[in-house]
Amino acid sequence: MATTVPTLPKASSWKLFFKTVFARAYPRIVGQQCEKSWMFFDIFLPILSIAAYVYVYRAIGAPEEYIGFVVLGGAMTAFWLNVLWSMSSQLYWEKEQGNLALYIMAPSSMMAILLGMALGGMIATLLRAIVILFIGGWLFQVRFVVTDFWTLLLVFFLTMTALYGLGMMSASLFLLLSREAWHLANLAQEPIYLISGFYFPVKNLGFWLALSASLIPLTMGLDAMRQLVFPSAAQFGFLDVRIEVIGLSVLCFIFLLGARYLLNYMEKLSIQEGRLTESRR
Amino acid sequence: MQTRLASFLSFSWRSFRLATWLGWQIESNWADPFLFTIYSLIKPLSSAAILVIMYSIITKANFDSPIFPYIYLGNAFYMYVGHVMTGISWAVIDDREHYKTMKYIYTAPVHFPSYLLGRGVARFIIASISVVVTIVFGMLFLNISIDLTQVNWVFFCINSPYWGRDASAHGLDSGRNHVVAGSSHVRGRRGGSRRSLSIQWGHFSIRGIASLSTSDRLLNAHYVLARASTSPFGWHGCLQLSHLTKFFQCPTFSHLNHPDPFLCYIIRHRVSRLRKPSKRTGTN
């Protein structure tokens with residue numbers, strides 16, 4: 001007598017895509033809120049480093065706008081660190097822990113997994129960044145005056161899209177790495193804080209250096225947000241906000257497309273060579 | 001008695017020497033020497049450059065002001081704090097989480113504190129290179145004048161080994177925390193590790209503020225906190241580093257600091273601690 005095996009309805013490709021995105025985002029949003037001490041330290045530590053830079057500015061008699069620049073830049077470092085450690089190097093960690101093979105074998109798109117990682121990380125980090133911004137603003141008496149809320153929202157959205165697109169793209173590249181992944185991610189902190197102007201207006205680096213640094217979305221994003229949040233910051237701005245919005249849109253397009261291309265390329269390469277290891281040199 | 005001591009010293013030295021070699025291999029052989037050199041130089045120089053640019057924007061590049069070397073040298077020496085402390089305590093995480101060798105090392109005939117200290121030496125060497133490069137860069141390009149004849153070598157020599165011991169002791173303590181975190185937290189090893197790492201980074205950041213701060217009010221606050229601190233590691237190491245800058249720049253800093261009571265307090269405190277070994281860490 002033949003038994004019938006109950007089958008679950010198969011998700012269509014788009015439905016599967018979004019379910020995968022949600023499934024990968026879920027542990028990032030929920031999991032990171034479960035451990036209360038992580039939340040505390042994720043908020044507390046950036047405020048300490050912000051405080052160090054604020055005191056330096058105060059000691060040398062900087063105008064009050066600069067304190068605001070540091071607080072805003074310090075809040076945005078949370079996103080950069082999230083992209084660096086939880087996006088770019090994530091597939092490398094997954095490979096180290098043995099999960100990568102499961103991801104690849106799963107009948108869903110790798111792009112959806114990366115997108116879920118990005119969305120989950122972005123939302124979890126956003127909560128922390130907002131708290132850092134408020135506590136930092138309150139501690140150091142920073143006055144935020146939003147001149148154009150919708151443009152600010154657009155700039156933030158474009159910056160995040162481009163930034164996490166960059167993270168998705170570099171996740172594929174990090175798959176090629178071994179122990180150097182940790183060191184390279186470590187290396188991409190202070191130099192990026194420097195050239196992206198996290199703690200000072202990027203305009204001061206000179207036009208060409210600032211333009212080169214604009215390949216990192218946070219450079220233009222931070223510059224535009226400062227101009228929109230501190231009215232007097234227009235004089236410190238690198239480019240006009242409208243130009244920066246266009247620049248960020250171009251970066252979004254390039255990085256998301258690049259992420260898709262590189263992911264496909266890595267997948268093809270690993271199928272050809274029958275392995276996904278760092279010894280491909 | 002002497003034989004036992006000699007055998008213990010030989011045992012500790014062997015553990016220390018081999019761990020040093022291992023630590024250096026782990027830190028350096030992931031890249032070719034050229035890339036490793038670039039890596040070792042870019043990070044500290046970028047960190048210093050952030051402060052240099054911040055300073056030059058506000059003061060219109062007035063690098064002759066005595067406050068600049070104070071900030072610059074404080075930042076340069078602060079590299080030791082992070083490197084020495086993480087070098088030792090990170091070894092536990094690395095061995096347990098990454099290489100999965102911790103239990104074998106722990107049960108092997110190795111003097112564990114010496115092993116951890118040895119693992120920290122590689123980072124100490126890298127930190128020393130970074131500090132020297134940062135200071136030389138400052139001397140060559142940023143007009144930082146260090147007059148070696150003005151250095152108060154007595155204070156410098158008294159304070160440096162004490163600070164080194166402090167940082168190492170803190171690293172060992174963090175290492176111990178990581179071991180404990182790995183075995184006891186109900187949420188699993190990762191949660192515990194991250195928590196103790198976070199606490200450790202909290203110490204770094206507070207010390208960072210102390211080393212960078214330049215205003216009189218803050219120095220007063222640190223002085224009070226240093227006095228009030230009951231921790232065996234406390235704030236002193238960093239404060240000492242911060243104040244070491246004075247030894248390089250004695251005449252120019254007279255209006256910025258209140259060195260003598262503070263230094264006397266630190267040295268007195270050190271001597272009294274030497275007489276009373278710390279029970280908490282088992283190290284002195």
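The values are calculated or read from the model by the stated rules, or taken from the named source; none is laboratory data. The shown structure was predicted, so the numbers you read here are calculated from the model rather than taken from an experiment. Glycine gets a Cβ as well: all are built from the backbone with ideal geometry, and neighbour counts include every protein chain shown.
General observations
- Residue count for the range B:100-114 under the criterion of being surrounded by 14 or more Cβ atoms within 10 Å (Cβ to Cβ) and part of a helix (DSSP H, G or I): the result is 6.
- Inter-residue pairs, beta-carbon under 7 Å, first within 24 Å of B:Val132 (Cα to Cα) and in the range B:72-98, second of a type in the set (D, E, K, R), 6+ apart: B:Val81/B:Arg207; B:His83/B:Arg123; B:Val84/B:Arg123; B:Thr86/B:Arg123; B:Gly87/B:Arg119; B:Gly87/B:Arg123; B:Ile88/B:Arg119
- Matching residues, the range B:29-54, being surrounded by fewer than 17 Cβ atoms within 10 Å (Cβ to Cβ) and farther than 30 Å from A:Ala62 by Cα: B:Asn29, B:Ala31, B:Asp32, B:Pro33, B:Phe34, B:Leu35, B:Thr37, B:Ile38
- Of the residues A:Leu205, A:Leu127, A:Leu133, the single one that is within 14 Å of another protein chain (Cβ to nearest Cβ) and farther than 28 Å from A:Glu96 by Cα is A:Leu205.
- Some residue of the range B:5-25 being within 23 Å of A:Gly197 (Cβ to Cβ), surrounded by fewer than 17 Cβ atoms within 10 Å (Cβ to Cβ) and either within 11 Å of chain A (Cβ to nearest Cβ) or of a type in the set (Gly, Ala, Ser) (or both): no
- Count of the range B:26-54 residues which are more than 25 Å from B:Asn143 (Cα to Cα), at the interface with another protein chain (Cβ under 10 Å from one of its Cβ atoms) and among the charged types (D, E, K, R): 1
- Residue count, the range A:31-66 (criterion: among the β-branched types (Val, Ile, Thr) and facing chain B (nearest Cβ under 9 Å)): 3
- When residues of the range A:135-166 are limited to those that are polar (S, T, N, Q) and at pLDDT below 90, the one surrounded by the fewest Cβ atoms within 10 Å (Cβ to Cβ): A:Gln141
- Test: residue in the range B:77-85 that is outside any loop (DSSP other than H, G, I, E, B), within 9 Å of chain A (Cβ to nearest Cβ) and not small (Gly, Ala, Ser): no
- Hits in the range B:55-64 (condition: within 7 Å of another protein chain (Cβ to nearest Cβ) and among the hydroxyl-bearing types (Ser, Thr, Tyr)): B:Tyr55, B:Thr59
- You will find that of A:Ala224, A:Ala234, the residue that is assigned to a helix (DSSP H, G or I), farther than 19 Å from A:Ile254 by Cβ and away from chain B (no Cβ under 13 Å) is A:Ala234 and no other.
- Members of the range B:30-64 found to be in contact with a helix residue (DSSP H, G or I) (Cβ under 7 Å, 6 or more places away or on another chain) and not in a helix (DSSP H, G or I), listed by number: B:Trp30, B:Ala31
- A:Leu184 vs. criteria under 21 Å from the mean Cα position of the chain (by Cα) and within 14 Å of chain B (Cβ to nearest Cβ): yes
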